[in-house]
Amino acid sequence: MTEQNSRKNIFERMFAIDRRWVYGFLMLAVVLSVIAKPVIPIPISKEARSIYDYMNSLSDGDYIHLAMDYDPSTLAELHPMTRAVLKQCFEKKIKVIITALHQNGPGMAAEAIDTACQRHFELTGYRPESGKDWVFLGYKPYPILIILGMGQNYRIPFPNDYYNVPLDSLPMMKGIRNYQNIKAVINISGTSATDWWITYGNGRYQVPLAIGVTGVMATDYYPYLQTGQIFGILGGLQGAAEYETLVGTPGKAVEGMSVQVVAHSIIIIFIIVGNIGYFATRKKNRVGL
Amino acid sequence: MDFATAIATTVAAVLTLCIFSFLYKDNPFYKFTEHLVVGVSAGYWVSILYVNVAIPNIWQKLLAGKWWYLIPAFLGVLMWTRIVKRWAWISRYPLAFYLGIATGVAIPLEMQTKVLEQIFGTVQSFVALHNSQTDFWAGINTVVVVIGIITSLVYFFFSKEHKGATGGIAKVGIWTLMIGFGASFGYTVMARISLLIERVQFLIDDWLLKLFS
């Protein structure tokens, strides 16, 4: 085997690089970049800006619904979006109704809300309160039925909030019945919940809808932007970094995008190396034939 | 970082490293962590369903004297008859009930939002272009979208052999599809790298730096 390897020329070696070398280089590049923290400019797309502008156009005391439909497996891309949206809401004094329609999401969502409240307290000295500035309704199964139910009355699927407090006893929920009383739904999702919000939230109740989705999902939802079924889209870590930049607190996503540039460069180099090896060995094989 | 947080973060960091070890080759540490993730997720899900469904939707309703909640509870229990082969046929009744409701709710809305709205969106932008209600670049975009849609549909039209004009149009269709797949793949690479970056940020910023600072 070793003798065979030693007979391979440079192009054959380039074509047959062990995948562990690729992983190794990629890991090294990511580790060094996370330590060095390079800074790159984040251009803002009009899809992200439209969400920011819409939210900025809302007045004190307006309501939005933040649907955190994801679990820890997609936290890397979606948590920074959630934090940035919550920051904007708390700063603008927009009241937020929050749901987590993914079975593994409610604990993580509660922790994210708590962190956002703590950060707002550190910045302003005021800690947003449950029931007054935000309400967390938690999780119920069968998201389609829950989305339809909330369209009639939030109290049908959620008579109590996540902390088991009756909705009618929360000052923030007085006079709030369904989607007609809120200005928009911001759906941050790593699952098909986005489809359900488009079909059953926007389609059935015409509630204005914006979405934040993982990179894998992003391209699937651009057609809905063109038709006006959604008014904005945040796609993957790039979208999260754009929103962090817009709200003026560059965080993990902006930092992550700098690392992305380095990681993508490494991948592109390996693709070029592999292709050079492929075309060179293909020519040699043809000559051999 | 207090002691309890240090322990919890260290356990999380070690488990992360166990998962990464698969990149070298399959090993018992990876297997253990993989099973742990699946087990914890399933356990968490069961407890969430019990607390959020069984307690408020069945138990509390029955305690409040709303006996008719026994009907959906009974239908739910019937689903479990699938476990016993002899009684499995009974599960078809609640399943039929569920499917009937789901299709009744889904078909009109799915048709409206995912087919009709999309066709309308495509045609509407073309009409706006025809009536000169759109700027030059938006017009180019509309033409590209319409050509892309028609040629992609022709590619999936198998009743006529892909030769001559049809073959040419289908070739444009396959290029359109490839560009679409390329965009998806680019986003997918970004998504996967994002997961790696977040874990490395955790290992360095939240674990190592905080543990030794």
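Values for this structure:
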| quantity | calculated |
| --- | --- |
| Loop trypsin sites (Lys or Arg not before Pro), the range A:164-263 (other Cβ atoms within 10 Å of the site Cβ: 16 or fewer; DSSP) | A:LYS174, A:ARG177 |
| Estimated vicinal HN-Hα couplings, Hz - the range A:106-113 in sequence order (Karplus 6.51, -1.76, 1.60; Gly, Pro = x) | x, x, 5, 5, 4, 5, 5, 5 |
| Whole-Hz ³J(HN,Hα) from phi, Karplus 6.51 cos²θ - 1.76 cosθ + 1.60, for the range A:205-212, glycine and proline x | 10, 6, 6, x, 10, 10, 10, x |
| Distance in nm between pseudo-label sites at A:ASP60 and A:SER192 (7 Å out along the Cβ direction from Cα) | 4.4 |
| FRET efficiency for A:ALA36 and A:PHE279, using Cβ-Cβ distance with R0 set to 45 Å, rounded to 0.05 | 0.85 |
| Inter-chain shielding of A:215-227 (mean C-beta neighbours from other protein chains, 10 Å cut-off) | 6 |
| Proximal lysines relative to A:LYS8, as straight alpha-carbon distance under 29 Å, when same-chain residues fewer than 8 apart are discounted | A:LYS283, A:LYS284, B:LYS25 |
| Environment charge of A:ILE198, counting only residues whose C-beta is closer than 14 Å and scoring Lys/Arg +1, Asp/Glu -1 | -3 |
| Charge tally in the Cβ shell below 11 Å around A:LEU78, where Lys, Arg are +1 and Asp, Glu are -1, A:LEU78 excluded | -3 |
| Long-range Cα-Cα pairs in the protein assembly as shown (distance over 37 Å), rounded percent | 41 |
| Among A:THR191, A:THR227, A:THR249, residue whose mean-square fluctuation peaks in a GNM of chain A (springs only between Cα atoms under 10 Å) | A:THR227 |
| Chain A: relative contact order as a whole-number percent, Cα under 8 Å and 6+ apart | 28 |
| FRET efficiency, 1/(1 + (r/R0)^6) with R0 22 Å, evaluated for B:ALA102 and A:ASN178 via beta carbons | 0.50 |
| Other protein chain Cβ atoms within 10 Å, averaged over every residue that makes up B:48-59 | 3 |
| Near-label residues of the range B:161-184 by backbone N, under 17 Å of a point 7 Å along Cα→Cβ of B:ILE147 | B:165-180 |
| Within-14-Å neighbourhood charge of A:LYS140 [Cβ basis; K, R +1; D, E -1] | -1 |
| Chain lengthening between B:VAL14 and B:HIS162 when straightened (0.36 nm per residue, less Cα-Cα) | 47.7 nm |
| Radius of gyration, Dmax [chain B; alpha carbons; angstrom] | 27.7, 74 |
| Average other protein chain Cβ within 10 Å of Cβ, residues B:111-121 | 4 |
| Peptide ranges A:63-74, B:1-12, B:108-119, A:12-23 listed from the most packed, as the mean C-beta count within 10 angstrom indicates | A:63-74, B:108-119, A:12-23, B:1-12 |
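Read the figures in this text as sums done on the coordinates, not as results from a lab. Small disclaimer: the values here were computed from a predicted structure and weren't measured. Methodologically, a virtual Cβ is constructed for each residue, glycine included, from the backbone with ideal geometry; neighbour enumeration extends over all protein chains shown.
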